[in-house]
Amino acid sequence: MDGKRVRTAFRVRYSETDRMGVAYYAEYLVWFEVMRGDFMRAVGIPYRDLEAGGLYLPISEARVRYRQPARYDDAIEVEAAIEGLKSRSITFTYKVERDGQLLATGSTTHIPLGADGHPRRFPRELLDRLSVYDLTGGA
C-alpha cells in the first residue's frame, strides 16, 4: 500500500488472451475485481467480513479506457484507489501499467445492499474507516 493507493503485480496468463496473444478486453474487469479485493484487505476491511455482516457491494457501473494492449506473459501492475465515497455508493479507480507505461484506466461504482437485496446506506463506522483512503476527501 502506498498512501491511499494499493498496487498488485502479476503476469498476463495465456487463458486471458486471444489468438494474437492480446489480453481479452473483459479480463480488465476481472483484474479490477482482484484489485478491489486486494485493496479492501490492505485497508483492513476484507469483503468476506462485509458479507458476513450482511453488506454486499454489487457493481452499478463499470468503465474501462484501453490505451495499449497487454499481452501474454507481460508483467503488469494494477493500482486501485477510492475516488468517490458517499453514504450510498463507492467508486474505485484503476490503472493498469506495464513497466510504467499506462495500458488502461477504469472505474467501478458499487452500491451497498443488505442481505435482503435492498439498497442501504453504508454504516457510519465503515464510512469513517473508508474515508481515510478516499482521494476526494470522503463522505
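Observations on the model:
- Beta carbons closer than 6 Å, at least 6 apart along the sequence or on distinct chains, never pair a first residue in region 52-81 that is over 14 Å from G106 (Cβ atoms) with a second that is assigned to a loop (DSSP other than H, G, I, E, B) and of a type in the set (S, T, Y).
- Candidates E33, E27, E16, filtered to the one that is out of contact with any strand residue (DSSP E or B) (no Cβ under 6 Å at 6 or more places or on another chain) and closer than 16 Å to A75 by Cα: E27
- Test: residue in region 52-72 that is among the charged types (D, E, K, R), loosely packed, with under 15 Cβ neighbours inside 10 Å and either closer than 14 Å to E16 by Cβ or under 10 Å from the mean Cα position of the chain (by Cα) (or both): no
- If the condition is being within 16 Å of E51 (Cβ to Cβ) and surrounded by 15 or more Cβ atoms within 10 Å (Cβ to Cβ), then region 119-128 contributes R120, F122, L126.
- Residue selected from region 1-32 under the condition loosely packed, with under 15 Cβ neighbours inside 10 Å and within 19 Å of R63 (Cα to Cα), by the criterion nearest to the chain's Cα centre (by Cα): V30
- Test for I45: is it in contact with a strand residue (DSSP E or B) (Cβ under 6 Å, 6 or more places away or on another chain), among the β-branched types (V, I, T) and either surrounded by 12 or more Cβ atoms within 10 Å (Cβ to Cβ) or closer than 18 Å to D128 by Cα (or both): no
- Pair list, Cβ < 7 Å and 6+ apart or interchain, from region 116-139 residues that are on the phi > 0 side of the Ramachandran plot to residues that are surrounded by 12 or more Cβ atoms within 10 Å (Cβ to Cβ) and at pLDDT 90 or above: G138/L85; G138/S131
The values are calculated or read from the model by the stated rules, or taken from the named source; none is laboratory data. Only a predicted model underlies this, so the values are computations on that prediction, with no experimental measurement involved. Positions of Cβ are generated from backbone atoms using ideal geometry, with glycine treated the same way; all protein chains shown enter the neighbour counts.
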